[in-house]
Amino acid sequence: MQRNGSSGSNGSDSCGGGRGRQALSFSPLPAAAAAAATTTRVRRFVQERRALPLPRVMVVFSGASDTEKPGDAMSSSDSAAEDDFRKPASPAPSFALSKPLRSSLNTPEPEFPEVISLNVGGTFFTTRLSTLRRYEDTMLAAMFSGRHYIPRDAEGRYFIDRDGTYFADILNFLREGELPHRDRVRAVHREAQFYSIGPLLDSLEDTQPLTGEKVRQAFLDLMPYYRDNLERIVEIAKLRAMQKKARFAKLKICVYKEEMPITPYERPLFNSLRFERSDSEAKLFEHHCEVDVSFGPWEAVADVYDLLHCIVSDLAERGITAEQQCIGVCDKHLINHYYCKRPIYEFKITWW
C-alpha cells in the first residue's frame, strides 16, 4: 500500500482533488502497474465511501440497472416519482363517477314519435307531434319540446292531469283552426287559458258569448262595489233562510241610476241645475234608502233593468235562483218639493 502510494506521490495531498486530477491525467507507469494502481485507488474509494453517513450513500447511488445509463435511471425515477405524486393516495374507480357525470352533462333531448298517444284525465287522444307543437309559446309545445319530463300511464300514453272533456276542441283548433260551438265557448276558453294558447284565446274572445261578456263587464266596471254587493246579497239571504228554517229568503234592494233622487216631472229642471249646486246644498240630498243593498248611481246608456238582469244572471252563474219585482219607491221627503223616488225591488232567493 505504501509503495503504491509512493508511486502515486505525484498527486495532490487532498484526497478529493487528487482523485479528480488522477482520473483525468495520463499515468507514466506501464500498463500492468497502471492497472494495479487504479485497482488500489478504487478499493480505497470504496472503503472511504462505506465510512460516509448513510444519507449521502442513498443520495449518491441510484437504483439504475446495468443496461440503463445513469442519466436514464435518474430521468426514469424522476418521472416515476412525478407519476406517483399525481396519483391519489387511495385510488377510486373513476369510471363509476365520471361516466354518469359525463352522461348527465351530454344527455340528448328525448325523441318523441311522430304520432303521440295522450291520456288527458282518463280520456284518450291520438294526434301528431307537429299538431302539439304548432304554436311555440304554448304549454303543449313546451311539454313536448324535450326539456320536461312527462309521465306515462300503464299503456305508455303520455299523461296530462286535466279534464279531457274539452280537449278535443283544443286539438281541433290546433289542427284546423276550428272554433267550438257557442255553448262550449266559455269552457273551452278556460282550457285555452290553462294551456296558454294565445291564438285560441283571441279568437274566442271575439265570438259570442265572450264578446257580449266584455261589453257587459265594461258596464259593470262603472258600478261601485258591484261584486261586494253580490256577496252581501248571498250572505243576507242565507242567514235569513237559516234563521226562519225556510226554503227561500226575501231582500229589499234599491237600484237607481241618477246621482240625485228626483221625480220624473222634475227631471228637466234637475238636470239643468245639478252641476250648479253648492256642497252645502248637495248634502241636503244625501240619503240612504232603508234597504238591504243599494246599487247606483252610474253614468251609461244601460238603465235599471239592464243592471237587474246582470244581478240575476250572476247569481244564476253561482247556482242561486233569484226572482225580482218592483214593490214601489222610497218616497222619503228630502227638501222642499224633492222626494226620494228611487225604485225598490224585492229579491226572492230560493235555496232548494
> Just one of the numbered conditions (1) open to solvent by less than 100 Å² (accessible area, probe 1.4 Å); (2) hydrophobic (A, V, I, L, M, F, W, C); (3) assigned to a loop (DSSP other than H, G, I, E, B); (4) modelled with pLDDT of 50 or more is not true of Ala141; which one?
Replying inline: (3)
> Which ones in the range 335-350 are more than 24 Å from Asp303 (Cα to Cα) and either in a strand (DSSP E or B) or modelled with pLDDT of 95 or more (or both)?
Replying inline: Ile335, Thr350
> Under 9 Å by Cβ, and 6 or more places apart or on different chains, what pairs join a residue from the range 312-340 that is within 17 Å of Arg227 (Cβ to Cβ) with one that is open to solvent by 80 Å² or more (accessible area, probe 1.4 Å) and part of a loop (DSSP other than H, G, I, E, B)?
Replying inline: Ile320/Trp351
> In the set Ile150, Ile160, which member is without any contact (Cβ under 8 Å) to a residue 24 or more places away in the chain and open to solvent by less than 60 Å² (accessible area, probe 1.4 Å)?
Replying inline: Ile150
>> With the requirement that a residue be polar (S, T, N, Q) and within 23 Å of Val291 (Cβ to Cβ), what does the range 179-237 give you?
In response: Asn229
>> Restricting to the range 135-154, give me the number of residues that are on the phi > 0 side of the Ramachandran plot and of a type in the set (Val, Ile, Thr).
In response: 0
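The values are calculated or read from the model by the stated rules, or taken from the named source; none is laboratory data. All figures in this text were calculated on a predicted structure; none of them were measured in a lab. Note that we place each Cβ from the backbone using ideal geometry, even for glycine, and neighbour counts take in every protein chain shown. Accessible surface areas use protein heavy atoms only, side chains included; no ligands, DNA or RNA. Shrake-Rupley method; radii C 1.70, N 1.55, O 1.52, S 1.80 Å.
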